[in-house]
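For reference, the structure is listed below as structure tokens.
The values are calculated or read from the model by the stated rules, or taken from the named source; none is laboratory data. Remember, it's a predicted structure, so these values are computed and weren't measured experimentally. Cβ: placed from backbone, ideal geometry, glycine included. Neighbour counts: every protein chain shown.
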Amino acid sequence: MSILIPYAAPPGPQCLEAMAGLQLTNLARLLQTMTAEVTLSAGADQWTPLHERLQARALGLPSADGLVPWAARDAWQLGMTQMHGNKGWAWVTPCHWTIQSDHVDMGDPAQLALPLKEAEALWIAMQPYFVEDGITLFAQPLEHLGTRWLAHGAVFEDLPTASLERVAGSTIDRWAPSQVQAQPLRRLQNEMQMLLYRHPVNEARAKFKLPGINSFWVSGTGTLPASFVTGDPGPAASPLVTDDTLCTSARHDDAKAWTKAWETLDSTVLARVNGQLQARQDVRLTLCGERQAITLVPGDLPFWQRLRQRFDAPSPQQFLGTL
């Protein structure tokens, strides 16, 4: 079994400060008995977080930065690539932007609490504008960090886009695609701000002091390999279980919640991993931060090296600090 833990080391300053006080006894034991291998390294400025690239690899998908074909995979699962092909797909997520004097902030779409009826009304209003730019905005809503739609159009082909996790609840400017190819999308985003300003859905939301939907975010672009389309996936993908326990608190830099989540994770999931190791089961644990993903694998060392490792192993805080 392979387990992936995203946000083991968080990006936010509050959670980073809280890391020093973590009590992770099971992680400490694992560091004393398992061997650490650097699985993947990256910069914090990349479009696709490391854990998404690892998830893509496990599924046999391309993992190029900004071009993991999540949307195309959804389209394939829905049987839509047979008619429309395996390229030019994207996720379009309705969202709320706050325009500041020198930047634009985007709220977390997962917190919009957008009911299906409201999403359908917005789709009806938005879809004709997308069609004018050669984009088909499909009505099927897929739940993931808020309602989103599948979209298909030539503008999305080979267009790197930032994961929604990069921008949800933060400033979008550094992540917005600036390529000439993306110009129609920037125009569409401006048009949506004007179109939706007085839309009945937003007027109704304003009465309950809920944020309005005034823009959208494009993500999940990339071309699906022909093997998926032809039904010949090739070698079996590596089984990978992702534990999202730390994700929400880390992305919102909620130090108290992140600390509690980590210590719960240590006493449950990591305790089970320790038990599996003692039972000599094959288990791998990948901890992922912004800069590195490190996999802990069962060590097959001579007795004297195992003994030395117990004394030389880094503390959980030292280890997490390298991620």
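Miscellaneous remarks
- Looking only at segment 1-37, residues that are over 20 Å from the mean Cα position of the chain (by Cα) and aliphatic (A, V, I, L, M) come to 12 in all.
- Subset of segment 67-94 [surrounded by fewer than 20 Cβ atoms within 10 Å (Cβ to Cβ) and among the small types (Gly, Ala, Ser)]: 79, 85
- Here residue 109 fulfils each of the conditions (1) free of Cβ contacts under 8 Å to residues at least 24 places away in the same chain; (2) touching a Cys at 6+ places or on another chain (Cβ under 7 Å) apart from (1).
- Residue selection: residue 188 satisfies the criterion of being farther than 30 Å from residue 16 by Cβ, modelled with pLDDT of 95 or more and part of a helix (DSSP H, G or I).
- Evaluated against (1) crowded, with 20+ Cβ neighbours inside 10 Å; (2) closer than 26 Å to residue 53 by Cα, residue 97 falls short on exactly one condition, (2).
- Test: residue in segment 138-158 that is within 20 Å of residue 212 (Cβ to Cβ), assigned to a helix (DSSP H, G or I) and touching a residue at least 12 places away in the same chain (Cβ under 8 Å): no
- Condition check for residue 36: touching an Asp or Glu at 6+ places or on another chain (Cβ under 6 Å) and modelled with pLDDT under 90: no
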